[in-house]
Amino acid sequence: MKIGILTFHCAHNYGAVLQCYALQETLRGMGHEAEVIDYRPEYLLAPYRIFSLKRIASRNLAKVAKRSVCELLLLGRRIARHDAFERFIVSRLSLSRRVDAEGIPIDYDVYVFGSDQIWNPKITRGFDPVYFGEFGHSKGNRRHVVYAASMEAKELSDEERAFYVSALRNFDSVSVRESQLATLLQPLASRKVETVLDPTLLAGAGIWDAIAVRPRMSKRYVLVYQVRTNPNILRIASEVARSLDAVVVEVTAWQSVAGGKYKKQCASPEEFLGWVKYASCVVTTSFHGTAFSVIFNRPFYSILLGDGSDTRSVSLLRNVGLEDRMVSKDSSPVFSGVEFSGANERLAALRKESEQFLIDAINKGL
C-alpha cells in the first residue's frame with residue numbers, strides 16, 4: 001500500500017526526525033510504500049531558523065544590541081546545526097513534494113498521523129486541522145490511522161473535550177503514546193484508543209546501529225541531554241561522572257554563546273545516536289533521551305522535573321519495569337548499572353503489540 005506519514009518531520013529536534021525515520025522504516029519493513037508528506041507549518045520552522053528578527057526584537061535598545069551580538073556569535077553554530085538536520089531530512093526521509101495545509105496529496109491509500117506531539121496545541125498554536133485529518137478534500141475510502149500521537153495534558157477544558165469528540169471521528173484507528181492520554185481520550189472516542197510504542201522503540205536497535213556515528217572520544221563519558229533544562233542536571237551528571245572517572249559531555253537541544261570542549265551544539269541526528277550508544281551513563285530530562293538509553297541498553301537516569309511534562313518518560317519506564325531509573329532533580333543518585341534483560345523482554349512484547357496495531361489498522365476492511 002502507499003502510505004503517507006504526517007508528523008513533525010521538519011523540526012530540528014532529535015526526537016522528531018528520528019521517530020519519523022523509524023516509522024517510515026517500520027512501514028517499509030512491512031512491505032508498504034511509505035512516504036513522508038512534506039508539510040512544514042511555520043510554527044515548526046520558526047524556532048529553528050538560522051536568523052530571526054523575533055529573537056532580537058525589543059523596545060529596549062540595549063537588549064536589541066545585546067541580542068544582536070549573541071545572534072552574530074551563534075551564526076556559525078546555527079548554520080552547522082541547520083545543515084546537519086536538513087541533510088538527515090533530505091537523505092534519510094522519503095519526502096513528497098512540499099505542500100501547505102490546502103495541498104495535502106490525495107493519492108495515498110492510508111494516512112498515518114504521528115508520532116510526536118502532533119496534538120499539543122502549545123506547539124501547534126491551537127489544534128492544527130491537518131493533524132486531525134481535515135485536508136479540505138473528502139476522505140473517500142482512504143484510511144486515517146493515528147499512531148502514537150502525543151500531547152501534554154492531564155485534563156481537558158469543555159471546549160477541548162467537544163473538539164475531540166468531533167475530531168476523533170475522522171480516524172479509523174487511534175493509538176497514542178501514553179496510557180494517561182488514552183485514559184483521557186477514551187470517553188470521547190467511539191472506538192478504542194490504544195496505547196502503543198513510540199516509533200523509535202518500535203523499530204528496534206538494528207536500524208539505529210546502522211546509522212549511529214561513533215564519537216571520536218577516547219575518554220569515558222557521561223552524556224547529558226536536556227530539552228527542558230534545569231541546573232541540577234549538570235550537577236547530577238558531574239557527580240555520576242566522578243564516580244565513574246569520566247567526563248561530562250552535553251549534547252544540546254539549543255545553541256548558546258557559552259561553549260566548551262565537551263558541549264556539542266551542532267551534532268547531527270546520527271551523531272546524537274552515537275553519543276547515546278557509547279556513553280557510560282546518560283542523564284536526561286528528555287523522553288527520547290530516555291528511549292534511546294533503553295534501546296541501546298545504556299545505564300541512565302531519567303530526571304523528573306515535576307513540571308507536568310514528565311508523563312511520557314514515566315509511562316515508558318513503568319511499561320518496561322525500569323521505574324527505579326527515575327530520580328528527582330534534587331536527588332544525588334549513587335551510580336549503579338542496569339539489568340536490562342527484563343526490560344528487553346517487556347519491550348519485545350510491547351513491540352509485537354504495537355506492530356499488530358499497525359498491521360490491523362492499515363489492513364482493516366480489506
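The values are calculated or read from the model by the stated rules, or taken from the named source; none is laboratory data. As the structure is a computational prediction, the values presented were derived from the model and not from experiment. Methodologically, a virtual Cβ is constructed for each residue, glycine included, from the backbone with ideal geometry; neighbour enumeration extends over all protein chains shown. What goes into the accessible areas is simple: the full protein's heavy atoms, side chains included, and nothing from ligands, DNA or RNA. Shrake-Rupley method; radii C 1.70, N 1.55, O 1.52, S 1.80 Å.
What trypsin sites (Lys or Arg not before Pro) in the stretch 231-262 are in a loop by DSSP, with at most 11 other Cβ atoms within 10 Å of the Cβ?
Counting only loop positions with at most 11 other Cβ atoms within 10 Å, the trypsin sites (Lys or Arg not before Pro) in the stretch 231-262 are 261.
Dipole magnitude of the stretch 140-298 about its Cα centre, charges +1 at Lys/Arg Cβ and -1 at Asp/Glu Cβ only, in debye to the nearest 20?
Using Cβ point charges on Lys, Arg, Asp and Glu, the stretch 140-298 gives about 540 debye.
Roughly what % antiparallel, to the nearest 5, for the DSSP beta bridges in the chain?
Around 0 percent of the beta bridges assigned by DSSP in the chain are antiparallel ones.
Pick out which of 334, 99, 247 has the largest mean-square fluctuation in a Gaussian network model of the chain, springs linking Cα atoms closer than 10 Å.
334
Which three extents, in angstrom, do the Cα atoms of the stretch 200-274 have along their principal axes, listed largest first?
Each principal axis gives a Cα extent; for the stretch 200-274 these are 33, 27, 23 Å.
Quick one: grab the alpha carbon gyration tensor of the stretch 309-350, order the square roots of its eigenvalues as a ≥ b ≥ c, and give me rounded if a/c is under 1.5, else prolate or oblate depending on whether a/b is larger than b/c.
Oblate, since a/c reaches 1.5 and b/c is not below a/b.
If you place +1 on the Cβ of every Lys and Arg and -1 on the Cβ of every Asp and Glu, how big does the dipole about the Cα centre of the stretch 233-366 come out, in debye to the nearest 20?
My answer is approximately 220 debye.
Among 355, 35, 339, determine the one that fluctuates most according to a GNM of the chain built with springs between C-alpha atoms less than 10 Å apart.
In this elastic network of the chain, the residue with the biggest mean-square fluctuation among 355, 35, 339 is 339.
Counting Lys +1, Arg +1, Asp -1, Glu -1, what net charge surrounds residue 306 among other residues with beta carbon under 15 Å of its beta carbon?
Taking every other residue near residue 306 into account, the sum is 0.
Count of lysine pairs in the stretch 152-275 with Cα atoms under 25 Å apart, counting only pairs 8 or more residues apart in sequence or on different chains?
Number of lysine pairs found: 4.
Suppose all protein chains stay in the model; what accessible area per residue would a 1.4 Å probe give for the chain, in Å²?
Accessible surface, normalised per residue, equals 44 Å².
Just name one of 279, 321, 304: the one whose Cα is farthest towards the positive end of the charge dipole of the stretch 264-330 (beta-carbon charges, Lys/Arg +1, Asp/Glu -1).
Farthest towards the positive pole: 279.
Could you work out which residue, out of 134, 159, 239, moves most in a Gaussian network model of the chain, that is, has the largest mean-square fluctuation with Cα springs under 10 Å?
Of 134, 159, 239, the most mobile in the Gaussian network model is 159.
Tell me the net charge near residue 182. Cut-off is 10 Å between Cβ atoms, residue 182 excluded, with +1 for each Lys or Arg and -1 for each Asp or Glu.
0
In the chain, with Lys and Arg counted as +1 and Asp and Glu as -1 at Cβ, which of these residues, 32, 44, 338, has the Cα nearest the positive end of the dipole, that is, farthest along it?
With unit charges placed on the Cβ atoms, the residue in question is 44.
Using Cα-Cα distances under 8 Å and only pairs 6 or more residues apart, what relative contact order does the stretch 50-155 have, in percent?
25
With an 8 Å cut-off on Cα pairs and a minimum separation of 6 or more residues, tell me the relative contact order of the stretch 246-366 in percent.
Relative contact order comes out at 16 percent.
Around residue 210, what is the net charge, scoring Lys/Arg as +1 and Asp/Glu as -1 over all other residues with Cβ under 12 Å from its Cβ?
Taking every other residue near residue 210 into account, the sum is -1.
Would you mind working out the magnitude of the charge dipole of the chain relative to its Cα centre, with +1 at each Lys and Arg C-beta and -1 at each Asp and Glu C-beta, to the nearest 20 Debye?
1340
So, by mean Cβ neighbours within 10 angstrom, what's the order for 219-226, 110-117, 189-196 with the highest one leading?
Ranking the peptides 219-226, 110-117, 189-196 by packing returns 110-117, 219-226, 189-196.
Students often check this: by mean Cβ neighbours within 10 Å, which of 9-18, 281-290 ranks highest, and how do the rest follow?
Going by the mean number of other Cβ atoms within 10 Å, highest first, we get 281-290, 9-18.
Averaging sequence separations of C-alpha pairs under 8 Å and six or more residues apart, then dividing by the length of the chain, give the relative contact order as a whole percent.
The value is 16 percent.
Tell me the trypsin sites (Lys or Arg not before Pro) within the stretch 71-169 that lie in a loop according to DSSP and have at most 14 other beta-carbon atoms within 10 Å.
125, 154
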